[in-house]
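Heads up, the thing below is written out as structure tokens.
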Amino acid sequence: MKAFSSALLVVAAFVAVCSYVQATVVESCGSTRSLVPIEENTVDISNCEKGPCKLKRRTSVSINQKFTPTEDVKSLSTTVFAKIVGLPLPFVGVDGTSACPFLFAEDGETKLECPLKAGVPVVYKRSFDVLEIYPKIPSLTIHWELQTKSGRSITCFEVPAKIV
């Protein structure tokens with residue numbers, strides 16, 4: 001009976017760990033030098049563990065990103081575009097908008113606003129629609145960046161994707 005209880009405990013712990021680890025594999029932005037390295041971020045893109053992420057038209061995709069600012073941040077804006085054959089095409093309705101209304105405390109539930117304090121973990125939650133008018137594209141790269149008002153990159157990631 002004791003062996004069964006121990007085995008059950010190990011299986012329960014394994015299931016808990018597997019269900020917790022749902023981060024999407026993303027890359028750093030290359031030429032963009034973010035204050036928070038991508039290794040210290042956790043990014044979760046809905047229905048995508050590893051690129052290329054399939055962005056289905058007529059659906060909504062959510063981005064959850066956990067990061068800890070390394071300095072105080074007064075405000076954040078979102079820079080989002082798709083690189084298609086080397087050309088940046090902005091995500092209409094997301095690119096250039098304030099990130100501040102989409103910030104939460106580490107628990108993911110308690111609403112935060114800007115300014116952010118250095119060393120205090122933050123969860124950024126945002127979703128975007130994949131519109132029916134978007135053409136089917138077999139290969140693109142999504143660039144997602146949070147910047148200060150002066151254009152300084154706080155966090156940035158890229159992930160391969162396709163529109164289906």
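The values are calculated or read from the model by the stated rules, or taken from the named source; none is laboratory data. What you are looking at is a predicted structure, and each value in this text was computed from that prediction instead of being measured. For neighbour counting, all protein chains shown are included, and Cβ atoms are generated from backbone atoms with ideal geometry for every residue, glycine included. SASA here: full protein model, heavy atoms, side chains in, ligands and nucleic acids out. Shrake-Rupley method; radii C 1.70, N 1.55, O 1.52, S 1.80 Å.
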Item to check | Residue-count net charge about residue 72 - beta-carbon cut-off 15 Å; Lys, Arg +1, Asp, Glu -1 | outcome: +2
Checklist entry - What net charge do the residues around residue 118 carry, taking every other residue with its C-beta under 9 Å from that of residue 118, with Lys and Arg at +1 and Asp and Glu at -1? => result -1
Checklist entry - If contacts are Cα pairs under 8 angstrom and at least 6 residues apart, what is the relative contact order of the range 29-163 in percent? => result 35 percent
Checklist entry - Accessible area, 1.4 Å probe, largest first: how do 125, 54 sort? => result 54, 125
